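Enquirer: Structure below; questions to follow.
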Ligand SMILES: O=P(O)(O)O[C@@H]1[C@@H](OP(=O)(O)O)[C@H](OP(=O)(O)O)[C@H](O)[C@H](OP(=O)(O)O)[C@H]1OP(=O)(O)O
Ligand SMILES: Nc1ncnc2c1ncn2[C@@H]1O[C@H](COP(=O)(O)OP(=O)(O)O)[C@@H](O)[C@H]1O
Ligand SMILES: [Mg+2]
Ligand SMILES: [Mg+2]
């Protein structure tokens, strides 16, 4: 009789744009060859009526999805949910998102890391009165919406040069010190224990002259995702050549990634890092994103398939050990 190998079902619940970029034939086929079937979850139908799934991957917003997932987990406690709603929610607020960075303890010989100085402002009066902000946050600042829920609105930012630029902002808003970083940002993709760091173009440095200019602020959205044409239209000036930018030390970045993975309890995320040009070997984490655009990561199909294979087979082994312990206990009693 032919031996049947165990196949695993992984349900995915993703917004249409995300589904299009992430669920490519190359990923589906590779996963299938390794015994993993990727199955679309229909968010318009009750989740409990779909599956059963060994694992659920998800990036959807809203109370309805949250309730559906909680109900499904209660009825199917052995299904792995990647990742937990509670852990993801911490990333939906730009203050709680970066709090974990300050909790990390990493030993490095010459490098250091942290986050830029930042405050959250809820009232317009406070916003327009920089003397009430307390110590530390000085112009130029980046004004970021407090909520980071993936909506277009949550990515709309302003680089604010002076008081004049504050007038256009609407609280609740996070004012984060803009740190000159040579126009290059490092994006660190994490998939379980796998870490990949790539460089992308960022906002150019701000000169003293620019700070004194009459223009109060500059609005932008998702700079590192802009096309070359959009970046070169004069608005973002001439940007530096990415090729020349030196990468941060790999082991240092991997340590931060592993630390963040443990502290956030997340398996699938990326974070943006800049190198402070004033100090040189100081790195600042400015953003953490849940389930980012993995299709842009080199060999994403292999990395994701290996990850799923590992978590599913670990789950299977844990179940076998658990079942044999139950049998042994019953025999013993
Ligand atoms: O769409 P992509 O591939 O550009 O991915 C976006 C990410 O780009 P990145 O992988 O960092 O270059 C993007 O990261 P950045 O904003 O560029 O730091 C976000 O993760 C975005 O998700 P959300 O809108 O914050 O929920 C991600 O958008 P979704 O695909 O989740 O809508
Ligand atoms: N503190 C900062 N100093 C310098 N540049 C920054 C800072 N914060 C953000 N940026 C620039 O703005 C971009 C968008 O900010 P980010 O916090 O990553 O928002 P998003 O969630 O929309 O990606 C970054 O990719 C980077 O180019
Ligand atoms: Mg970002
Ligand atoms: Mg982000």
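The values are calculated or read from the model by the stated rules, or taken from the named source; none is laboratory data. Just so you know, these numbers come straight off a predicted model, no measurement behind them. Glycine also receives a Cβ, built like all others from the backbone with ideal geometry; neighbour counts cover every protein chain displayed.
Enquirer: Has the stretch 40-61 got any residue that is in contact with a helix residue (DSSP H, G or I) (Cβ under 7 Å, 6 or more places away or on another chain), within 24 Å of residue 289 (Cα to Cα), free of Cβ contacts under 8 Å to residues at least 24 places away in the same chain and away from ligand 3 (no atom under 16 Å from the Cβ)?
Expert: No.
Enquirer: Now for a different question. Which is over 14 Å from the mean Cα position of the chain (by Cα), outside any loop (DSSP other than H, G, I, E, B) and within 16 Å of ligand 4 (Cβ to nearest atom), of 131, 154, 158?
Expert: One residue alone meets the criteria, 158.
Enquirer: Within the stretch 279-292, track down each residue that is farther than 12 Å from residue 191 by Cα and either crowded, with 21+ Cβ neighbours inside 10 Å or within 12 Å of ligand 2 (Cβ to nearest atom) (or both).
Expert: Scanning the stretch 279-292 gives 283, 284, 285, 286, 287, 288, 289.
Enquirer: Against the condition under 30 Å from residue 305 (Cα atoms) and either within 14 Å of ligand 2 (Cβ to nearest atom) or not assigned by the TED database to the domain that holds residue 263 (or both), how does residue 149 come out, does it pass?
Expert: Here the answer is yes, as residue 149 does meet what is asked.
Enquirer: May I ask you to list the residues in the stretch 152-165 that are closer than 19 Å to residue 59 by Cβ and touching a residue at least 12 places away in the same chain (Cβ under 8 Å)?
Expert: Selection gives 152, 155.
Enquirer: Hey, among 120, 137, which residue is in contact with a strand residue (DSSP E or B) (Cβ under 6 Å, 6 or more places away or on another chain), assigned to a loop (DSSP other than H, G, I, E, B) and more than 30 Å from residue 308 (Cβ to Cβ)?
Expert: 137
Enquirer: Considering each of 59, 17 in turn, give the residue that is closer than 30 Å to residue 157 by Cα, surrounded by fewer than 13 Cβ atoms within 10 Å (Cβ to Cβ), within 19 Å of the chain's Cα centre (by Cα) and not assigned by the TED database to the domain that holds residue 271.
Expert: Answer to the selection: 17.
Enquirer: If you don't mind, another one. For the stretch 162-185, check the following and say yes or no: at least one residue is part of a strand (DSSP E or B), more than 16 Å from ligand 2 (Cβ to nearest atom) and in contact with a strand residue (DSSP E or B) (Cβ under 7 Å, 6 or more places away or on another chain).
Expert: no
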